[in-house]
Amino acid sequence: MSATRVAVVGAGGFIGSHLVPGLLERFDCGVDAVDVDLHKLECSDARVQPIVGRVEDARLVDELTSRCQVIISLTALCNPAQYSSIPLEVIDGSFTHLLPLVTRCAERQVRLIHFSTAEVYGRRALDAQGEPAERMNEDESCFLLGPVERERWTYACAKQLLERVIWAHGQHGSLPFTIIRPFNTIGGRMDYLPGIDGEGTPRVLACFMNALLRGQPLPLVNGGQQRRAFMDVSDMVEAVCRVLERPKQSNGQIFNLGNPDNDVSIAELARALAAAFASQLPERAPARYEVVSAEAMYGPGYDDTQERVPDIGKARRLLGWKPQKSLAESLPSIVHDYIERYADRVAAARPAPLSRLASCE
Ligand code: UGA
């Protein structure tokens, strides 16, 4: 990689906190690690410049685009529970606040590696004619978002519009860009546990870990028959490093990054996580499951994708990349990470038993 300085905007998030150490291991470069909160970034390498700031800060954008050769943009509000509860913030986070960054990159021809989302494909995979297909393809698939009143799709729509802006700067200007569409990347440090270090409903992995750690039933939305292809975050880091190493092959491209071999139903994920949890904490009671309605879980305006499998042929061809980790290989270390970080805090947060409460009075 020829860049000497890379800005990772969103370095304190789940993927960013894995990506920064991954970049430093692979490349001899400086990293501007930008986020509103950097506590997840456990990295003391002297080549990292931690910057607490917001992507919508024009002065910061000006600084980053004048001293960095590459900007990797990761920031977004990306939990489905937010799409219908705070849609305007979601649109700002995925579109409005990022427009000035994209414009500056285009003006200065700073290479932009932008994280979009698999959500842009919408409810299911379609081919170029709009007919049902098995896999989602970057250059052929039509998009199928639900109606406006299904606010679940605000995020996908905002992300899609920014993709189109970036694409136009590349086609009609000279912005060097790569768009990444991540498919359900999982790993340690993902999201938060409600009531411990965040509020609301996180994504499915953290919801299930929350239930397991608290001894509560794992909620299966509408029965959990919907499917996702889960990819380990280490495979994501490897792919992004290859994008950086291969500017000729990756400039002007959109890449699906996901693991089609790890396509499981949400109920299967729940059982696999519960098994990994039981093998690490065998003294705990066996996991329980409960079917919950989407409305009860997310309120009105939610909608779902029944299956989401990436076609990764282009990434294999142009990046020589292939995801390596099966779900069975990934889950034990993810479960270990959640236990390490949260088991004590969950135990401390548990309400005191009634007898103790009574004796306090
Ligand atoms: C989300 C985001 O919208 C994407 O942008 C993001 O790329 C993706 O996650 C990701 O993790 O990469 P989605 O897969 O729908 O999309 O989000 P999750 O909250 O992880 O839900 C997955 C499925 O599990 C959904 O069908 C949901 O209804 C279900 N679910 C979730 C449960 O059955 N139980 C729960 O406790 C939580």
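The values are calculated or read from the model by the stated rules, or taken from the named source; none is laboratory data. Just so we're clear, the structure is a prediction, and the values are computed from it rather than from any experiment. Cβ atoms come from the backbone with ideal geometry, glycine included; neighbour counts cover every protein chain shown. Please note that ligands, DNA and RNA were not included when accessible areas were found on the heavy atoms of the full protein model with its side chains. Shrake-Rupley method; radii C 1.70, N 1.55, O 1.52, S 1.80 Å.
Residues are listed down the side, and each one gets a yes or a no for (1) farther than 28 Å from Pro323 by Cα; (2) touching a helix residue (DSSP H, G or I) at 6+ places or on another chain (Cβ under 7 Å):
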position: Gln129; (1), (2): yes, no
position: Pro132; (1), (2): no, no
position: Asn137; (1), (2): no, no
position: Ser141; (1), (2): no, yes
position: Arg152; (1), (2): yes, yes
position: Lys159; (1), (2): no, yes
position: Arg164; (1), (2): no, no
position: His172; (1), (2): yes, no
What are the pairs with Cβ atoms under 8 angstrom where one residue, in segment 34-51, is within 9 Å of Gly13 (Cα to Cα) and modelled with pLDDT of 95 or more and the other, located anywhere, is among the charged types (D, E, K, R) and open to solvent by 50 Å² or more (accessible area, probe 1.4 Å)? Sequence gap at least six, or different chains. none
Does any residue in segment 115-130 that is within 13 Å of the ligand (Cβ to nearest atom) come within less than 6 Å, Cβ to Cβ, of a residue that is of a type in the set (Lys, Arg) and assigned to a loop (DSSP other than H, G, I, E, B) six or more places away or on a different chain, and which pairs are these? Ala118/Arg308
Filter segment 187-219 down to residues that are more than 12 Å from the ligand (Cβ to nearest atom) and in a helix (DSSP H, G or I) and give me whichever is surrounded by the fewest Cβ atoms within 10 Å (Cβ to Cβ). Arg214
All but one of (1) part of a strand (DSSP E or B); (2) loosely packed, with under 15 Cβ neighbours inside 10 Å; (3) of a type in the set (Ser, Thr, Tyr) hold for Ser174; which doesn't? (1)
Does segment 241-277 hold any residues that are β-branched (Val, Ile, Thr) and either in contact with a Leu (Cβ under 6 Å, 6 or more places away or on another chain) or under 25 Å from Tyr302 (Cβ atoms) (or both), and which are they? Val264, Ile266
Which one of Gly299, Gly258 is small (Gly, Ala, Ser), crowded, with 16+ Cβ neighbours inside 10 Å and touching a helix residue (DSSP H, G or I) at 6+ places or on another chain (Cβ under 9 Å)? Gly258
Exactly one of these conditions fails for Ala156: (1) within 16 Å of the ligand (Cβ to nearest atom); (2) open to solvent by 20 Å² or more (accessible area, probe 1.4 Å); (3) part of a helix (DSSP H, G or I). Give me its number. (2)
Filter segment 321-346 down to residues that are among the aromatic types (Phe, Trp, Tyr) and assigned to a helix (DSSP H, G or I), then give me how many there are. 2
Residues of segment 105-139 classified as in a helix (DSSP H, G or I) and touching a strand residue (DSSP E or B) at 6+ places or on another chain (Cβ under 9 Å), total: 6
If I ask for residues that are surrounded by fewer than 17 Cβ atoms within 10 Å (Cβ to Cβ) and away from the ligand (no atom under 13 Å from the Cβ), which ones from segment 262-287 would you list? Ala275, Ala278, Ser279, Gln280, Leu281, Pro282, Glu283, Arg284, Ala285, Pro286
When only residues in segment 140-153 that are out of contact with any strand residue (DSSP E or B) (no Cβ under 8 Å at 6 or more places or on another chain) and of a type outside the set (Val, Ile, Thr) count, which is least open to solvent (accessible area, probe 1.4 Å)? Arg152
Please pick out the residue among Asn251, Asn184 that is open to solvent by 20 Å² or more (accessible area, probe 1.4 Å), touching a residue at least 24 places away in the same chain (Cβ under 8 Å) and within 11 Å of the ligand (Cβ to nearest atom). Asn184
Report yes if some residue within segment 161-174 is within 14 Å of the ligand (Cβ to nearest atom) and either of a type in the set (D, E, K, R) or touching a residue at least 60 places away in the same chain (Cβ under 8 Å) (or both); otherwise report no. yes
Any residue that is among the β-branched types (Val, Ile, Thr), surrounded by 22 or more Cβ atoms within 10 Å (Cβ to Cβ) and more than 16 Å from the ligand (Cβ to nearest atom) - is there at least one of those in segment 35-52? no
Just to check your reading of the model, which residue among Gly223, Gly258, Gly215, Gly252 is over 15 Å from the mean Cα position of the chain (by Cα), under 30 Å from Val102 (Cβ atoms) and not aliphatic (A, V, I, L, M)? Gly252
Could you please find all residues in segment 271-300 being in a loop (DSSP other than H, G, I, E, B) and under 13 Å from Phe208 (Cβ atoms)? Ala287, Arg288
Quick one: what pairs do we get from segment 73-86, first residue away from the ligand (no atom under 11 Å from the Cβ), second assigned to a loop (DSSP other than H, G, I, E, B), C-beta under 6 Å, 6+ apart or different chains? Leu74/Gly10; Leu74/Gly13; Thr75/Gly10; Thr75/Val55; Ser84/Gly301; Ser84/Tyr302
Of all residues in segment 54-89, how many are in contact with a His (Cβ under 9 Å, 6 or more places away or on another chain) and surrounded by fewer than 16 Cβ atoms within 10 Å (Cβ to Cβ)? 1
